[in-house]
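Written below as structure tokens is the structure these notes are about.
Computed from the coordinates by the stated procedures, all read-outs in this text should not be read as laboratory data. Remember, it's a predicted structure, so these values are computed and weren't measured experimentally. No Cβ is skipped: glycine too gets one built from the backbone with ideal geometry, and neighbour counts run over all protein chains shown.
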Amino acid sequence: MPLGLRDRLGAVLRRTAARLGGRLEQIAGAAGHGADASEAARETADAIEEVLLEADVGVAASERIMAAVRHAGAPRGGLQLRTRVQREMLEILSSPPSAPPAAAAPRVVLVVGVNGTGKTTTVGKLASLLRREGCRPLICAADTFRAAAIDQLAVWADRAGVDLVKARPGADPAAVVFDAVEAARARGRDVVLVDTAGRLHTRADLMAELEKIGRVASRAVPGAPHEVLLALDATVGQNGLTQARQFFDHAGVTGIVLTKIDGTAKGGIAVAIACELGLPIRYVGIGEALDDLLPFAAEAYVDALFTKAW
């Protein structure tokens with residue numbers, strides 16, 4: 001029997017859960033044993049905040065969580081402490097809008113990010129996921145700088161069973177996107193997934209190219225791009241927030257794909273992203289297989305951050 005969403009997330013977040021949930025239980029068990037009650041409360045709060053920061057929850061989100069914990073008074077045991085932390089995390093992760101706005105077909109989705117974040121594999125997995133949901137996606141190879149990128153994307157398109165529109169290496173990426181939208185319209189496809197070249201968020205010229213792709217896409221279909229997904233590598237932690245801010249300013253990012261969460265013990269980065277950027281997490285990548293991309297579900301994610309330790 002295939003694993004459910006919570007089980008799959010629990011499996012890849014087990015290292016975070018062991019560190020986060022287990023430490024909170026220890027802290028709650030030791031709370032109140034100091035000679036001075038106020039000093040003991042301060043030490044407990046400091047310990048909780050340290051655990052949150054170690055899990056990459058981030059400063060802003062940790063402060064918000066701690067404010068809620070303090071407001072509720074001293075916890076009576078680990079279960080109550082866990083519940084308070086979970087409740088506030090869920091509130092943070094549920095705050096951004098959970099679904100992109102509806103759009104006329106074909107809907108254009110750009111996948112952007114720095115090199116090595118898993119953009120190309122995300123496009124292939126997302127195409128497969130959308131097919132399973134009843135959509136008819138088409139993939140656009142707009143990373144024309146590396147011939148290997150086009151070849152890699154062709155493999156993923158074949159695995160997902162979807163059409164691929166590509167051009168010769170060195171072609172204008174915006175022109176390839178325009179051709180892909182026209183091809184999608186002619187073939188009756190309802191989603192165009194655009195794999196863009198990896199680019200450093202500090203390169204103004206490359207960021208301007210993303211803006212050009214967006215302008216050309218909007219001429220091909222009204223309102224395009226309808227979604228801009230930023231692939232963020234979960235293993236880079238807080239550095240990903242800096243990347244996200246730059247892409248948000250130049251590429252109009254509307255959502256996050258959190259990749260490689262199976263490779264980190266700091267799964268709290270999802271909470272930091274939602275709190276500090278106000279952007280929804282659309283999907284999480286949990287492995288290298290074709291079906292290892294999951295739609296983000298805040299409640300299941302928060303449960304998985306604690307489940308294995310309790």
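Over the residues of region 131-172, compute the C-alpha Rg and express it relative to 2.2 N^0.38 Å.
1.21
With everything on Cα atoms, drop me the angle between helix 78-94 and the longest principal axis of the chain, reported from 0 to 90° to the nearest 10.
Around 30 degrees separate the two axes.
Could you work out the local net charge near D262, counting Lys and Arg as +1, Asp and Glu as -1, over the other residues with Cβ closer than 11 Å to its Cβ?
Surrounding charge for D262 is +2.
When ranked by the protection proxy of mean other Cβ atoms within 10 Å per residue, highest first, what sequence do the peptides 84-90, 301-307, 150-156 form?
301-307, 84-90, 150-156
For helix 37-54, what angle does its Cα long axis make with the longest principal axis of the chain, in degrees from 0 to 90 and rounded to 10?
The two axes meet at around 20 degrees.
Can you tell me the Rg and the Dmax, both Å, for the Cα atoms in region 107-253?
Cα-based Rg and Dmax for region 107-253 come out at 14.1, 43 Å.
Write down Rg/Rh for region 232-289, rounded to two decimals, with Rg from the C-alpha atoms and Rh from the Kirkwood relation over Cα pairs.
0.95
Based solely on C-alpha atoms, express the radius of gyration and the Dmax of the chain in angstrom.
When restricted to the Cα atoms of the chain, Rg and Dmax are 21.2, 76 Å.
Give me the number: length gained by fully extending R146 to T242, i.e. 0.36 nm times residue separation minus the C-alpha to C-alpha distance, one decimal in nm.
Once the chain is fully extended between R146 and T242, it gains 32.0 nm.
Would you count, across the chain, every pair of lysines whose alpha carbons are under 20 angstrom apart, provided the pair is eight or more residues apart or spans two chains?
Close lysine pairs under the 20 Å cut-off: 8.
From the P(r) of region 203-310, could you give the percentage of C-alpha pairs in the tail past 18 Å?
Roughly 53 percent, once rounded to a whole number.
With everything on Cα atoms, drop me the angle between helix 239-251 and the longest principal axis of the chain, reported from 0 to 90° to the nearest 10.
It is inclined by approximately 40 degrees.
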